[in-house]
Amino acid sequence: MEESPTIFVPAHITAFFEPHYDKNPLRSGSRGAGFCINLGSRIKAYVSRSRSQSIEIFINGKKSDAITTLTAVKNIIGKEPFKVKIDIKQDLPTSQGFGMSGAGALGASLALSSIFGIDRITAIKVAHIAEVMCRTGLGDVIAQAFGGIEVRKSPGLPPWGMVEHIPGDFEIVLCVIGSRLKTADILRREDILKKIIMKGKYCVNSLLENPSIENLLSLSQEFMRSTGIASERIEKAVDIASNYGKASMCMIGNSVFAVGETQMLENILSNFGKIYKARIDPYGARIID
């Protein structure tokens with residue numbers, strides 16, 4: 001059995017986005033903005049030859065369907081009779097706007113690439129295609145590959161997709177407030193999708209005119225309020241947190257991020273749900289052992 005090194009993939013918070021779909025999945029994705037944080041997923045792969053193919057994925061010790069990660073693994077091994085085990089340790093829950101599906105797929109792709117001798121760019125492509133096919137995200141993988149605070153100027157992967165970075169570092173308070181939201185379910189609602197596309201385009205263009213952290217955070221809240229994605233409880237948490245900094249909804253999840261007076265934000269948001277504290281991760285997906 002061959003064992004990969006451990007891959008760390010940062011969680012990714014999407015502040016706002018404008019989805020784009022294309023027949024070519026490498027050109028699909030989203031324009032938008034967000035940031036990677038130093039919480040995320042640690043992934044290892046174990047591979048051995050077998051008489052028949054089998055793939056098992058474990059998240060925090062429990063066997064999981066993890067459809068995006070599974071798709072990425074299948075795209076790498078094809079029909080070859082390998083026995084593959086992917087072990088994922090997550091700091092944050094799935095389907096809450098933290099890019100955990102993308103992290104699993106990217107981490108698994110990079111872990112397997114180290115075993116099979118596949119280059120990093122190909123591994124990133126495999127993970128991006130998986131996220132687009134499964135509709136679990138449209139811009140997480142490209143952001144997580146490079147880290148930092150990003151503006152996705154055009155959708156997809158290079159040479160079509162273009163990403164710029166805003167330098168900076170800050171503490172982030174996260175609060176998981178409600179049940180999971182599946183990105184695919186939200187994006188199937190035409191009424192909401194139209195609002196997302198229109199407001200997302202406005203927010204990206206506005207940020208490109210004034211690419212600052214403060215503008216990104218302000219536009220994120222504007223996007224949340226204009227699209228109607230947020231629940232009343234999310235909006236209430238954002239309203240209260242805004243007294244002590246900038247706050248908005250993590251896209252797309254029943255969770256909130258806030259930046260400002262960290263201790264006060266932790267105290268206030270703890271009344272709404274589970275709290276996590278993080279900082280910006282500037283490095284992106286990488287080997288950590």
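The values are calculated or read from the model by the stated rules, or taken from the named source; none is laboratory data. If you're wondering where the values come from, they're calculated on a predicted model, not measured in any experiment. A quick note on method: Cβ atoms are made from the backbone with ideal geometry, for glycine too, and the neighbour counts reach across all protein chains shown.
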Which residues, counting only those in region 228-254, are hydroxyl-bearing (Ser, Thr, Tyr) and either modelled with pLDDT of 95 or more or crowded, with 24+ Cβ neighbours inside 10 Å (or both)? 242, 244, 248
Just to confirm my filter: which strands (runs of 3 or more DSSP E) fall fully inside region 1-83 and include at least 2 residues that are of a type outside the set (Asp, Glu), in contact with a helix residue (DSSP H, G or I) (Cβ under 7 Å, 6 or more places away or on another chain) and over 25 Å from residue 254 (Cβ atoms)? 29-49
Just the residues that are surrounded by fewer than 17 Cβ atoms within 10 Å (Cβ to Cβ), of a type outside the set (Ser, Thr, Tyr) and in a loop (DSSP other than H, G, I, E, B), please, taken from region 255-272. 261, 271
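Give the residue that is nearest to residue 128 (Cα to Cα), with candidates limited to residues of region 72-85 that are surrounded by 21 or more Cβ atoms within 10 Å (Cβ to Cβ) and in contact (Cβ under 8 Å) with a residue 40 or more places away in the chain.
72
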Please tell me if residue 242 is under 21 Å from residue 171 (Cβ atoms) and touching a residue at least 12 places away in the same chain (Cβ under 8 Å). yes
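Quick one: which residue in 42, 51 is assigned by TED's automatic domain parsing to the domain that holds residue 131, touching a residue at least 40 places away in the same chain (Cβ under 8 Å) and among the charged types (D, E, K, R)?
Details: 51 fails: touching a residue at least 40 places away in the same chain (Cβ under 8 Å).
Criteria check complete, one pass: 42.
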Contacts under 9 angstrom Cβ, first residue in region 169-195 being of a type in the set (S, T, N, Q), partner not in a loop (DSSP other than H, G, I, E, B), 6 or more apart: 183/101; 183/251
Sole miss for residue 155 among (1) under 17 Å from residue 135 (Cβ atoms); (2) buried (at least 16 other Cβ atoms within 10 Å of the Cβ); (3) in the same structural domain as residue 230 (by TED's automatic domain parsing) is condition (3)
Looking at region 173-185, is at least one residue aliphatic (A, V, I, L, M), closer than 15 Å to residue 251 by Cβ, at pLDDT 95 or above and in the same structural domain as residue 41 (by TED's automatic domain parsing)? no
Taking region 86-122 and keeping only residues that are surrounded by fewer than 24 Cβ atoms within 10 Å (Cβ to Cβ), assigned to a helix (DSSP H, G or I) and not aliphatic (A, V, I, L, M), one is left with 113, 114, 116, 120, 122
